[in-house]
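The values are calculated or read from the model by the stated rules, or taken from the named source; none is laboratory data. What you are looking at is a predicted structure, and each value in this text was computed from that prediction instead of being measured. In this analysis, Cβ positions are derived from the backbone assuming ideal geometry, glycine residues included, and neighbour counts consider all displayed protein chains. Calculation scope for accessible area: heavy atoms of the full protein, side chains included, ligands and nucleic acids excluded. Shrake-Rupley method; radii C 1.70, N 1.55, O 1.52, S 1.80 Å.
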Amino acid sequence: DHRDLHSFPTRRSSDLSYTVQDFGKTHFNGKIHTVDFEKHPEWIGIFEKNLDPVRIISELELLLNTSINTATDLLFFDEIQVAPKAIMSLRYFYEEMPELHLIAAGSLLEFTMQKISFPVGRVSILNMTPMNFYEFMKNTGKEKLADLLLDKPVRLSDTIHSSLLDSLRQYMFIGGMPECVDLWRNSNSLIEVFKIQNDLMETYRQDFSKYSPYTDKRSLNHVLSSIARNIGHQVKYSSLSEEFTGPTNKKALELLSLARVITRISSASVASHPFENTASEKKFKALIVDIGLMRSLNDLPPDIEYTKNDLLSMYNGALAEQFAGQEFLSSGRDKLYYWTREAKSSSSEVDFILSEKNKIFPVEIKGGASGKLKSMHLLLEKYPHIDTGYVLSTAPYGELREQKLVFLPLYYAYSLAGGQ
């Protein structure tokens, strides 16, 4: 219900603010009243006297120098993590002023909510992800092509297949941050998009000062950069930063995970599910929040990578794995897992394992030759209860049923994960 408060604790605040402001312009004819507690810390005092919604609205009208129509306008509490009493007031806005449309946003809300009485059941908490590939296509004038991504996967014509891969190449560099997508739609300038991405990353780094009570902000920057350079590889705490100890790096990674700047992909067994029951605490990989920001964190020149014909070769395949994981998360999954088996002479790994309707299906990202899918073949042979393995590649749709394999173009990742 859009009348409930929706709190978005998972993304860079200024980009989140951009999204909420755009939402207000679109659905409230621009009648949005923003209370930014970080910009105006003195306004926090409004909530200290008591939590009466009528009084609070009356005082906010004076400070904002405008009238707030509680039936038609949108009230936006930004950077609410610095105003714990404002978070507590949400309960009373819900109970005593249910006609009000109210959105609150902030970073590291989990920490603040541990210290206060949070209005459980009266506040809807939504974890926002960047735009996925389908949403990117819908918002850049390719609605018809986008609709194909939600249909049952089939072998498309070579022309349509190539067109979707071309758009996917664009998405891999632009990413799904709303401001970046909006700029691309209006300018078609990658250079300008890259500037916005760099600004976004700088804002992330500035926000690390908010973590200072919990860890060294420099370690956060080191860990984030290290994760971005090692997408697809198993994480070792000691190697995340040579300047800090393993425990310090671990704490930094946990904080970045809690804030959803990065997402852990834990190793788990496919013998049964839920995967969480066998998920490893020590063996995992990681993704960062957005594929476009991943590009900005890497040192390789973007113009060289962008001209490559093979999407799977870009950044040594890291972009493809980041893309797939990001699409899986956008389908509504909170956690991701992969499969690995260590042996004396060799190790085997399948990039992702998903479950849907009591079925387990492994997912590998490869160039497409079935003979090279040794880990996938091993998994399917070892666990006969898994009837199909999926291979995401740049090849058209295909099946090798005798090997229990289905080949899907990479752009079907969202559909594969059950996204609708």
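The table below gives the values:
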quantity	calculated
Positive-end residue of SER187, TYR411, PHE352, charge dipole of the chain with Cβ unit charges	PHE352
FRET efficiency, 1/(1 + (r/R0)^6) with R0 60 Å, evaluated for GLU61 and SER348 via beta carbons	0.40
Additional length obtainable on full extension of the chain from LYS142 to ARG185, 0.36 nm per residue less Cα span	14.4 nm
Accessible surface of the chain [probe 1.4 Å, protein heavy atoms]: carbon and sulfur percent	48
Cα-based Rg / Dmax (Å) for the range 127-172	11.0, 37
Cα-based radius of gyration of the range 200-316 once divided by 2.2 N^0.38 Å, which approximates compact folds	1.15
ASP147, ASP290, ASP334, reordered so the largest accessible area comes first (probe 1.4 Å)	ASP334, ASP147, ASP290
Residue-span extension gain [SER162 to THR72] - 0.36 nm each, minus C-alpha spacing	27.8 nm
Å² of accessible area per residue within the chain, as computed with a 1.4 Å probe and no ligands counted	46
Alpha-carbon centroids, the range 46-61 and the range 205-247: separation in whole Å	40
Extreme residue, positive dipole direction of the chain, given options HIS273, PHE244, SER226 (C-beta unit charges)	HIS273
Square roots of 5 times each gyration tensor eigenvalue, C-alpha, the range 319-420, largest first, Å	20, 16, 14
Length-normalised contact order of the chain in % [C-alpha pairs under 8 Å, at least 6 apart]	14
Inter-label distance for LYS39 and THR278, nm, one decimal - labels placed 7 Å from Cα along Cα-to-Cβ	5.1
Nearby aspartates and glutamates by direct alpha-carbon distance to LYS282 (threshold 13 angstrom, same-chain neighbours under 8 apart not counted)	GLU254
The range 20-79 pair-distance distribution - Cα-Cα, 5 Å bins, rounded %	4, 18, 27, 26, 17, 6, 1
Within the chain: Cβ-based charge dipole about Cα centre, in debye rounded to nearest 20 (Lys, Arg +1; Asp, Glu -1)	1280
Rounded to the nearest 10 Å², the accessible area of ASP199 at probe 1.4 Å	90
Rounded to the nearest 10 Å², the accessible area of LYS85 at probe 1.4 Å	70
Accessible area (Å², 1.4 Å probe, nearest 10) - ARG260	80
The chain: C-alpha pair distances exceeding 29 Å, %	50
Calculated [θ] (222 nm, deg cm²/dmol) that DSSP helices of n ≥ 4 give over the chain, each run adding -39,500 (n - 2.57)	-12000 deg cm²/dmol
Near-label residues of the range 257-298 by backbone N, under 16 Å of a point 7 Å along Cα→Cβ of LYS404	269-273
